[in-house]
Amino acid sequence: MLRIVVCVSGGGTNLQAVLDAVDAGRITNVEIGAVISNNAGAKALTRAREHGIPGILMSPKEYADREAFNRAFTEEMVRLHPDLVVLAGFLVRIPPQMVEKFSGRIINIHPSLIPSFCGVGYYGIKVHEKVLERGVKVTGATVHFVNEGMDEGPIIAQRAVYVEDDDTPEILQRRVMEQAEWLLLPQAIDDIANGRLEVVDGHVRRREGRA
Ligand code: GAR
């Protein structure tokens with residue numbers, strides 16, 4: 001059984017997609033140990049508690065400085081001892097010491113086709129605003145392993161989504177969630193929980209013989 005901890009900042013629709021997939025048996029071999037949010041008002045904490053999952057608030061605002069937060073956050077994660085940390089719309093930079101301790105065991109969902117529209121300043125609705133500003137015709141979402149870089153770890157899966165002429169950032173964000181994110185993240189978790197993926201020379205591959 002893969003024990004996961006999900007980190008969320010906002011609405012938590014990706015968390016909901018994961019919870020629904022577990023309930024429906026589309027994710028197997030997974031136990032959700034806790035949901036962590038940096039935002040007391042996050043609907044995600046309510047979604048977690050409604051599912052009987054501990055919802056934990058960890059906000060940088062409650063610590064003297066970022067170093068103190070980084071230490072406390074990492075200690076809390078060690079206490080929760082997940083096999084996999086899932087960043088499902090978590091807009092706080094992961095402490096370097098946590099990346100090191102959980103190397104190869106943190107995944108993130110990003111609302112664009114990495115390496116486009118990612119890195120510093122590209123998160124949440126801002127990604128879709130920049131996509132529309134640039135006028136690209138195809139966007140999408142990416143699930144990847146987290147390393148010490150920003151949106152730079154090995155890519156697990158991507159899905160493309162068309163941009164329409166009259167899109168607003170909000171309309172496009174919703175389409176990317178529906179057509180890409182809510183499918184990709186549960187699938188990636190199920191693949192990891194069932195041993196279907198391996199990383200070879202920095203690239204994620206499907207293990208032979210595993211459908
Ligand atoms: C999602 O679109 C997710 O991909 C994005 O934040 C949103 C959270 O929505 N994450 C990032 O931008 C990370 N760089 P949700 O709380 O409804 O799942």
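The values are calculated or read from the model by the stated rules, or taken from the named source; none is laboratory data. Please read all numbers here as calculations on a predicted model, not as lab measurements. When we count neighbours, we look across all protein chains shown, and the Cβ atoms used for this are built from the backbone with ideal geometry, even at glycine.
The table that follows gives values for the structure above.
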| quantity | calculated |
| --- | --- |
| Criterion (surrounded by 17 or more Cβ atoms within 10 Å (Cβ to Cβ) and without any contact (Cβ under 8 Å) to a residue 60 or more places away in the chain) met by exactly one of 167, 190, 201 | 167 |
| Pair list, Cβ < 8 Å and 6+ apart or interchain, from region 5-29 residues that are part of a helix (DSSP H, G or I) and within 16 Å of the ligand (Cβ to nearest atom) to residues that are aromatic (Phe, Trp, Tyr) and at pLDDT 95 or above | 13/182; 14/182; 17/182 |
| Tally, over region 124-151, of residues that are without any contact (Cβ under 8 Å) to a residue 12 or more places away in the chain and either closer than 24 Å to residue 96 by Cα or within 11 Å of the ligand (Cβ to nearest atom) (or both) | 2 |
| Test: residue in region 37-48 that is surrounded by 14 or more Cβ atoms within 10 Å (Cβ to Cβ), in a strand (DSSP E or B), under 18 Å from the mean Cα position of the chain (by Cα) and among the hydroxyl-bearing types (Ser, Thr, Tyr) | yes |
| Members of region 90-110 found to be in contact with a Ser or Thr (Cβ under 8 Å, 6 or more places away or on another chain) and over 20 Å from residue 193 (Cβ atoms), listed by number | 91, 92, 95, 97, 98, 101, 110 |
| So residue 90, is it within 11 Å of the ligand (Cβ to nearest atom), buried (at least 16 other Cβ atoms within 10 Å of the Cβ) and touching a residue at least 60 places away in the same chain (Cβ under 8 Å) | yes |
| Selected residue (criterion: farthest from the ligand (Cβ to nearest atom)) from residues of region 113-122 that are more than 15 Å from the chain's Cα centre (by Cα) and loosely packed, with under 15 Cβ neighbours inside 10 Å | 115 |
| Long-range neighbours under 7 Å by Cβ, at least six apart or interchain, first residue in a strand (DSSP E or B) within region 101-123, second among the charged types (D, E, K, R) | 109/181; 110/151 |
| Residues (under 14 Å from the mean Cα position of the chain (by Cα) and either crowded, with 17+ Cβ neighbours inside 10 Å or at negative phi (or both)) located in region 123-147 | 123, 141, 142, 143, 144, 145, 146, 147 |
